[in-house]
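Written below as structure tokens is the structure these notes are about.
The values are calculated or read from the model by the stated rules, or taken from the named source; none is laboratory data. Worth saying up front: this structure is predicted, and the values here are computed from it rather than measured. With ideal geometry, Cβ positions are generated from the backbone for all residues, glycine too; neighbour counts draw on all protein chains shown.
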Amino acid sequence: MCGIIGFLDKTSDTAPVGETVLTMLNALACRGPDSAGVALFTGPGNDRTVLRIKLGEKGVFAERQANITKRVQTLGRVLAAETSEEYLRLEVDYQGDPQQLSALIESEADNVEVVSMGNALEIVKQVGSPENLEQSHGVSRITGTHGIGHTRLSTESKVDLSHSQPFWAHGRPDLAVVHNGHITNYHNLRRRYEQHGVRFYTDNDSEVIGVYLADRLSQGMTLTEALTASLYDLDGSFSYLAATQNELGFAKDRFALKPLLFTETDSEVVVATEEIAIENAFPGIGGVREAQAKEVQVWQLN
Amino acid sequence: MATELDCSGKTIREINTAIREHIARGEDAVVVRNPGARHNLGVALLQPSTVKFDGSVGYFCGGLMDGATVEVNGSTGWGLAESMLSGTVIVRGSAGNGAAATIRGGTVVIHRHAAARAGVAMKGGLLLIGGNCGYMAGFMGQRGTIVVCGDVGEAFADSMYETVCYVGGEVGELGNDAVIEELTAEDLAFLEATFTEHLPERLAELKPRIAGFKKIVSGRRLWNFDKTDWDVWQQVV
């Protein structure tokens, strides 16, 4: 199962993306009770780097938080720092190598992970239902341009924060993915990428999609080209959404094995595993259609 | 006058029970408000009656039905009218995967598009799609008729028995053992009658196109094993 959703507002840089994405996600809670998460794009006009860092899976992290903040300060000025539950959120005046910054933070301890990094991207995910996201992190207060979300029914790997979705494509700022399905050539792809030095943070097959897209985009492909190429490079069943700072797109596998519906109006694009999610946020929006096998769509922000 | 039923705050079981109670009281039509794209609405309706959903519905709407008429003023999820025996299902919007799968009779009309695997394993009845349909429609169809006014996806009409398909637009790729046949006078009359009855508002546009429809049936090469057809069998199995 699993439920995925996406939303893009065409009219505003300060749309209530957090609230909309949560409203949609709440309707799909029954598809994925194990964990829930969102990746929100908070709008343009800022060249600071925002980091969402997992300090650990459970416990008290005051010391780690202080150490990590100190480490980050050696690379760039920390403009803001706040914590909620396992997360440390930092705004840093840094435009250097993302890998270098991640590595410096993650060397603090084994289970420290940079969950998201980018100028606009903020990922919040955790074990439990979508309601927890609001209670613990106040996701509905976040405004911006677009966002994606995921509710997870775990079938092949463990249930913890890191194995939850969305996945940030580690190393490539502002690229996030949510996936419903199974990538059956995951182990082959993972082995190939690991041989090239890519670090995998989880045993979740969905993680490889972000790695794959980051690889294709870094070779100069557009998002549309990368999603289209993935129809043949990824095996198995999938409907997945990918989002960058100014795009939202989806791809559906060659045999249409997983549901994904979408509709577009003059003011927004809405995508979801089930229409119940679209109805929950946009009652009576109309024009909803299920994506066909091998269908790829990408919407750009104006 | 039609009775109204509001789904807000009700469970699926409460809604379906209320629909059946309305039908049992002999009311002509039930209008169901705020269906909210929820699953399993209007399943197993076994008496002549009319149920109108004012909005989108989720999976399996109109499934296991015998004799009722269901209208959806919106779109539907997977498994629309699945395994229906008889009756009519009309969808004003689009349908998800597996629409009209394994129906034994009755009519399913989808005004916009159908996704993958529409009308697979049909054993009778009519599936009429106003727009396009996706991958593998008509797979292993045994009887019945599929009419698609727009384009069809890949693996269309694969491994069929006696289902007859008509396509107004482009065929993405014919499935195994699917062949195109000449339209007969009966086919032309059937298509005109079908559009007149089920898509009257589009008749002016569709009628001149009828002669250009493609008729697709089974080539019968897979009905019995013949070693000269080994290449086809290798692809199928």
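Per this entry, A:Ile68 is counted among residues that are at pLDDT 95 or above, touching a strand residue (DSSP E or B) at 6+ places or on another chain (Cβ under 9 Å), more than 30 Å from A:Glu290 (Cβ to Cβ) and crowded, with 22+ Cβ neighbours inside 10 Å. If you go through region A:144-166 and keep only what is buried (at least 24 other Cβ atoms within 10 Å of the Cβ) and out of contact with any Leu (no Cβ under 7 Å at 6 or more places or on another chain), you end up with A:His150, A:Arg152, A:Ser164, A:Gln165, A:Pro166.
The set of residues in region B:212-237 being at pLDDT 95 or above and in contact with a helix residue (DSSP H, G or I) (Cβ under 7 Å, 6 or more places away or on another chain) consists of B:Phe213, B:Lys215. Being in contact (Cβ under 8 Å) with a residue 24 or more places away in the chain, in a loop (DSSP other than H, G, I, E, B) and within 10 Å of another protein chain (Cβ to nearest Cβ) is a property that B:Gly131 has. Given the structure, is B:Gly125 at pLDDT 95 or above and facing chain A (nearest Cβ under 10 Å)? It is false that B:Gly125 is at pLDDT 95 or above and facing chain A (nearest Cβ under 10 Å).
Filtering region A:85-143 down to residues that are β-branched (Val, Ile, Thr) and assigned to a helix (DSSP H, G or I), which residue is surrounded by the most Cβ atoms within 10 Å (Cβ to Cβ)? Among them, the one singled out is A:Val139.
Candidates are the residues of region B:1-60 that are surrounded by fewer than 17 Cβ atoms within 10 Å (Cβ to Cβ) and within 12 Å of B:Glu71 (Cβ to Cβ); the one that is nearest to the chain's Cα centre (by Cα) is B:Ala29. When B:Leu191 is tested against (1) out of contact with any helix residue (DSSP H, G or I) (no Cβ under 6 Å at 6 or more places or on another chain); (2) in contact (Cβ under 8 Å) with a residue 24 or more places away in the chain, only condition (1) is not met.
For region B:140-173, the set of residues classified as free of Cβ contacts under 8 Å to residues at least 60 places away in the same chain, within 14 Å of chain A (Cβ to nearest Cβ), crowded, with 24+ Cβ neighbours inside 10 Å and among the hydrophobic types (A, V, I, L, M, F, W, C) consists of B:Val148, B:Val152, listed by residue number.
Taking the conditions (1) in contact with a Lys or Arg (Cβ under 8 Å, 6 or more places away or on another chain); (2) buried (at least 24 other Cβ atoms within 10 Å of the Cβ) in turn, A:Leu175 satisfies each one other than (1).
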